[in-house]
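Worksheet: the structure to be examined is printed underneath.
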Amino acid sequence: MRILILGHRGLLGSELFGRLSAHHQVVGKDVDDFDIASEDACRRIIAEAEPEVVINAAGYTDVDGSEGARELCFAVNAEGVKNVALACYPGRIKIVHFSTDYVFDGIKDRPYREEDACHPLNVYGEAKLAGEKNLQQYSNHYLLVRTAWMYGNRGRNFVKTILEKAREIGRLEVVDDQKGSPTYAKDLAAAVELLLAGHHTGIFHVTNRGACSWYEFALKILAYADITDVPVTPVGSFRMSRPAVRPCYAVLNCGKFIETTGKAMQFWQLALQDYMRALKTGGN
């Protein structure tokens with residue numbers, strides 16, 4: 001397939017570019033090449049590439065920063081999706097787009113299904129939900145993948161932050177009243193490749209299996225990094241005073257993905273071990 005990846009140098013985009021390039025004709029474009037908030041720029045970049053599939057891995061991902069940058073967050077995560085969809089519509093070009101567990105409010109006591117009602121608690125979630133609606137309204141051929149707590153080789157993420165703070169400060173306080181599913185970008189890229197190969201469309205929840213709190217996640221990170229002398233204190237989210245409210249329970253039900261593809265993502269602990277080994281070797 002001829003595939004255009006928008007945001008190909010980012011956390012997920014880089015994994016997708018590396019994986020899909022092995023079997024497909026892949027072109028990557030990033031923020032230096034075009035402005036996703038510009039409809040004309042999106043039409044130009046997509047017309048030049050002549051893709052069969054556009055993968056939109058571009059996005060404004062600063063959850064706390066979104067609270068003070070609502071206009072920018074919506075321009076990229078909502079209007080940008082509309083611009084890509086409008087550019088793809090005439091040629092019925094398939095769009096693969098990514099959303100988040102933060103479109104949900106976290107009040108349920110069971111994993112969220114694709115059809116559950118959305119009710120975001122923060123600006124980032126609101127913008128991502130608006131992007132979902134734009135995709136569904138303006139695209140005639142799409143695959144929407146919701147994921148959560150993503151980390152990987154590129155950019156900032158929770159794993160790198162925990163390791164840095166452990167070494168610099170020597171002690172940690174980590175939230176223990178928010179639960180979700182850590183997801184390795186490399187595993188997510190493999191899942192997307194599987195969905196593309198099966199020509200699947202619609203909404204899919206895809207995360208690594210299992211769930212934990214941020215506190216439990218931090219403990220595993222330190223354990224797998226062989227850091228044994230850094231105390232970690234569990235704290236309530238109210239103690240952290242972060243700008244964006246986060247859902248207390250944001251676990252996604254990935255049953256549809258498993259039933260559709262016949263495959264299941266590996267457990268988050270195993271994925272984290274894979275990532276930690278990659279960090280130690282400096283590889284991917």
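Here the chain is assigned +1 on the Cβ of each Lys and Arg and -1 on the Cβ of each Asp and Glu. Its dipole about the Cα centre then comes out at about 500 debye.
Using only alpha-carbon positions in the stretch 23-80, the gyration tensor eigenvalues give semi-axes of 25, 13, 8 Å once each is multiplied by 5 and square-rooted (largest first). Charge dipole of the stretch 1-131 (Cα centre as origin; +1 on each Lys and Arg Cβ, -1 on each Asp and Glu Cβ, all else neutral): 500 debye, rounded to the nearest 20. When peptides 40-46, 175-181, 93-99, 17-23 are ranked by their average number of other Cβ atoms within 10 Å per residue, the highest-first order is 93-99, 175-181, 40-46, 17-23. Could you tally the net charge around Leu12, taking each other residue with its Cβ under 10 Å from the Cβ of Leu12, Lys/Arg +1 and Asp/Glu -1? With Lys, Arg at +1 and Asp, Glu at -1, the neighbours total +1. The order of the peptides 140-148, 124-132, 111-119 by mean Cβ neighbours within 10 Å, most packed first, is 124-132, 140-148, 111-119.
The rule of thumb for compact globular proteins, 2.2 N^0.38 Å, goes into the C-alpha radius of gyration of the stretch 35-116 1.28 times.
Over all pairs of different C-alpha atoms, the stretch 130-284 has a mean inverse distance whose reciprocal, the Kirkwood radius, equals 17.0 Å. Shape index of the chain: Rg/Rh, with Rg the Cα radius of gyration and Rh the Kirkwood radius from the inverse mean 1/r over Cα pairs, equals 0.96.
Ordering of 83-92, 51-60 by packing is 51-60, 83-92, highest average first (other Cβ atoms within 10 Å, averaged per residue).
Of the beta bridges in the chain, as assigned by DSSP with both residues counted there, near 5 percent are antiparallel.
Taken about its Cα centre, the stretch 85-174 carries a charge dipole of roughly 400 debye when the Cβ of each Lys and Arg holds +1 and the Cβ of each Asp and Glu holds -1. Between Gln273 and Thr201, the FRET efficiency estimated from the beta carbon spacing at R0 = 30 angstrom works out to 0.35.
One Cα centroid belongs to the stretch 118-151, the other to the stretch 215-284; the line between them spans 22 Å. Close Lys pairs in the chain, defined as Cα atoms under 18 Å apart and 8 or more places apart or on different chains, number 16.
Of the residues Phe267, Val232, Val245, the one whose Cα sits farthest toward the positive end of the charge dipole of the chain, with +1 on the Cβ of Lys and Arg and -1 on the Cβ of Asp and Glu, is Phe267.
Every number here is computed from the coordinates shown, using simple stated rules; none is lab data. Because the structure is a prediction, the values reported are computed rather than measured. With ideal geometry, Cβ positions are generated from the backbone for all residues, glycine too; neighbour counts draw on all protein chains shown.
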